[in-house]
Amino acid sequence: MTEFVQLVVIGLSTGSAFALVGISFALIFRTTNIVNFAQGAFAVLGGQFTVWLVDKEWPTAAAAIVAVLLVTAVGALVGLLAVGIRGLTTPLASLVITLGVAFVIQALQLLSFGDRPHTYPSISDRVWTVQGVVVQPQYVLIAAVTVVATLLLTLVLRRTIIGYALVATSDSVRAAELVGLSLRSVAVVTFAVSALLSAIAGLLLTPIQPVNYDSDVGIAINGFAAAAFGGLVSIRLAFVGGLVLGVAQQLVVGYGDAITPQARQYELAAALVIMLVLIGWRSRKETVT
Amino acid sequence: MTPLLEVEGLVVRYGPAIAVDGVSLQLDAGERVALIGPNGAGKSSLLNAICGLFKPAAGRVRVAGRDVTGHSPGEIVRLGVTQVPEGRQVFATLPVEANLLLGAFGREFRGELLAATLRYVRRRGEVQERLDRVYELLPKLHELRERPAGQTSGGEQQMVAIGRALMAEPRLLAVDELSLGLAPLVVQGLSEFLRRLNEEEGVALLLVEQNAALAFELCERAYVLEAGRCVLEGPSAELERNELVRTAYLGGGLEVA
């Protein structure tokens, strides 16, 4: 039982990071109909920039804030590129652009940060033990930040004029254009906000799972799966999806170890299978009701 | 006097197909003008080209004497021409009030979301006054203000779409298919509202309609479009008596006026 709770605790924290990336996917897809393949790269850059600044003896908090701001700017730029030219760039073309951007970001990281994993110390070396279950402060931090970020985002979308503008674009592109909203501008802000959320996820995850230039693939797949749980549009369900996925992966690793020492290699695949089953079950329920 | 809206030889193409083939029209401030014609005559394409949704292949659009051909929808809204789109196109998941506020927000848009937000926040007082005025004109919207617009009836959604357009303080309201999919009684109410809006607030109307009877009843003048060309124009009373119009749009001569 203790082992199970332990795995769930770790799963909830890594799952929180997937949830943030998943929410970023959903936000962009909802407002622009673009599946952003550079989403994982935003998360990885968040981690890489933080490590880079921490290595320059910056205080961790300052490094994290600057890293997030840098990635947000990158996100805005990618948004501008991905939307392209009105009437000419189709969502499919945008998708290919984001894929290209993801490769370019990988290459630039390889050139500037090398091909070894990077990490920085977590916020505290202390470890809490609750009835045999080990809880690291970093786990709590990831979960707390994710919950707060999700609530804030929901509040912005539901209560502010910028949020209304973003939601309006996803409700009816035609009407959004007619009232005078510019789709390009909405897309740039959406990409920037998504990059910000993913960067936070990436940098918080880095002390637990060191980042490398190619870590974006795993993060993007996990984030995408979380978003797919909510049909790529629901922020609430992307949040739940991330947590489910994180816990599922930890359980596969934890209990799989007992069966075969190679279980860790199947972590992602097994979790995705579980996710597929859940998505299938959910969509079946939807068609019935 | 310079007309409020002047369209000259407008051509709209979708690839090789020509939707609007050289249409000219004029509308003065405070006028009520209809654009009628069968499905596919190019009415909506003409309207959307006026409102900046597509670039016309040829021709000119002027608003109050200013050439706005090919300008963005936002610029045209700022000059006072606002469209109530076909099928209403409300922002379904947003509350009615958010739909209305976006009508005012869109006007502040000059390409940049954050700058627009700053301008909007600075004008928040005026926006609130405008909102109160729209609620006064359409009290039903005040009742529904917290409900997601997608969860209101068709007639109510049409009110939301009109209210949203009014938030931009238009001088010309271009209504695309007011009656589409709505019960006759609801259409009657909306049509009376538009007439009052025109008479009391001086907002000009450009009504795009398949329902010619409604168009003639509400508007002083009309243009008849067929296959992308303007085939007839004149005062509604005259067109109503026209043999061609009677057979094509008013159910022959069978209807007793």
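The values are calculated or read from the model by the stated rules, or taken from the named source; none is laboratory data. Everything numeric here is computed off the predicted structure, so don't read it as measured data. For neighbour counting, all protein chains shown are included, and Cβ atoms are generated from backbone atoms with ideal geometry for every residue, glycine included.
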For region A:206-224, what are the residues that are of a type in the set (G, A, S) and either at pLDDT below 90 or within 8 Å of the chain's Cα centre (by Cα) (or both)? A:G218, A:A220, A:G223
Looking at A:T50, is it within 17 Å of A:D214 (Cα to Cα) and crowded, with 18+ Cβ neighbours inside 10 Å? yes
Pairs where the first residue, in region B:1-15, is modelled with pLDDT under 95 and of a type in the set (V, I, T) and the second is surrounded by 17 or more Cβ atoms within 10 Å (Cβ to Cβ) and in a strand (DSSP E or B), C-beta under 9 Å, 6+ apart: B:T2/B:R62
Check off (1) away from chain A (no Cβ under 11 Å); (2) within 17 Å of the chain's Cα centre (by Cα) for B:Q128 and give me the number that stays unchecked. (2)
Just need a number here: residues in region B:231-253 that are touching a helix residue (DSSP H, G or I) at 6+ places or on another chain (Cβ under 9 Å) and outside any helix (DSSP H, G or I). 7
All conditions in (1) closer than 18 Å to A:T206 by Cβ; (2) among the small types (G, A, S); (3) surrounded by fewer than 13 Cβ atoms within 10 Å (Cβ to Cβ); (4) at pLDDT 95 or above are true of A:G114 except (4)
Restricting to region B:170-202, give me the number of residues that are crowded, with 18+ Cβ neighbours inside 10 Å, in a loop (DSSP other than H, G, I, E, B) and either within 14 Å of another protein chain (Cβ to nearest Cβ) or hydrophobic (A, V, I, L, M, F, W, C) (or both). 4
Examine region B:22-35 for a residue that is outside any strand (DSSP E or B), more than 9 Å from chain A (Cβ to nearest Cβ), closer than 24 Å to B:G181 by Cβ and in contact (Cβ under 8 Å) with a residue 60 or more places away in the chain, and state whether such a residue exists. no
If I filter region B:5-13 for residues that are aliphatic (A, V, I, L, M) and part of a loop (DSSP other than H, G, I, E, B), do I get at least one hit? no
Residue under evaluation B:V68, criteria (1) modelled with pLDDT of 95 or more; (2) surrounded by fewer than 18 Cβ atoms within 10 Å (Cβ to Cβ), criterion not met: (2)
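Here's the yes/no breakdown for (1) closer than 27 Å to A:L157 by Cα; (2) touching a residue at least 12 places away in the same chain (Cβ under 8 Å); (3) facing chain A (nearest Cβ under 9 Å); (4) touching a helix residue (DSSP H, G or I) at 6+ places or on another chain (Cβ under 8 Å):
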site: B:P73; (1), (2), (3), (4): yes, yes, yes, yes
site: B:V90; (1), (2), (3), (4): yes, yes, yes, yes
site: B:G103; (1), (2), (3), (4): yes, yes, yes, yes
site: B:R110; (1), (2), (3), (4): yes, yes, yes, yes
site: B:A116; (1), (2), (3), (4): yes, no, yes, yes
site: B:R119; (1), (2), (3), (4): yes, no, no, no
site: B:R124; (1), (2), (3), (4): yes, no, no, no
If we ask which residues in region B:42-62 are away from chain A (no Cβ under 14 Å), surrounded by fewer than 23 Cβ atoms within 10 Å (Cβ to Cβ) and not charged (D, E, K, R), their number turns out to be 2
Inside region A:74-116, the number of residues satisfying the requirement of being in contact with a Lys or Arg (Cβ under 8 Å, 6 or more places away or on another chain) and among the charged types (D, E, K, R) is 1
Cβ pairs under 8 Å, 6+ apart, first in region A:255-283 and at negative phi, second of a type in the set (K, R) and in a helix (DSSP H, G or I): A:G256/A:R264; A:D257/A:R264
Check on A:I28, hydrophobic (A, V, I, L, M, F, W, C), more than 30 Å from A:P121 (Cβ to Cβ) and in a loop (DSSP other than H, G, I, E, B): no
Here the qualifying pairs (Cβ atoms under 6 Å; residues six or more apart or on different chains; first in region B:173-200 and at negative phi; second of a type in the set (D, E) and not in a helix (DSSP H, G or I)) come out as B:D176/B:E86
Enumerated helices (runs of 4 or more DSSP H) restricted to region A:155-270, each holding at least 2 residues that are away from chain B (no Cβ under 14 Å) and closer than 19 Å to A:A17 by Cβ: A:183-205, A:216-229, A:235-259
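Condition check ((1) buried (at least 21 other Cβ atoms within 10 Å of the Cβ); (2) aliphatic (A, V, I, L, M); (3) more than 14 Å from A:A38 (Cβ to Cβ)) across all residues:
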residue: A:V71; (1), (2), (3): yes, yes, no
residue: A:L77; (1), (2), (3): no, yes, no
residue: A:I85; (1), (2), (3): no, yes, yes
residue: A:A93; (1), (2), (3): no, yes, yes
residue: A:L99; (1), (2), (3): no, yes, no
residue: A:V104; (1), (2), (3): no, yes, no
residue: A:Q109; (1), (2), (3): yes, no, no
residue: A:P121; (1), (2), (3): no, no, yes
residue: A:S124; (1), (2), (3): no, no, yes
Which number in (1) β-branched (V, I, T); (2) modelled with pLDDT of 90 or more; (3) surrounded by fewer than 17 Cβ atoms within 10 Å (Cβ to Cβ) marks the one condition that A:V247 misses? (3)
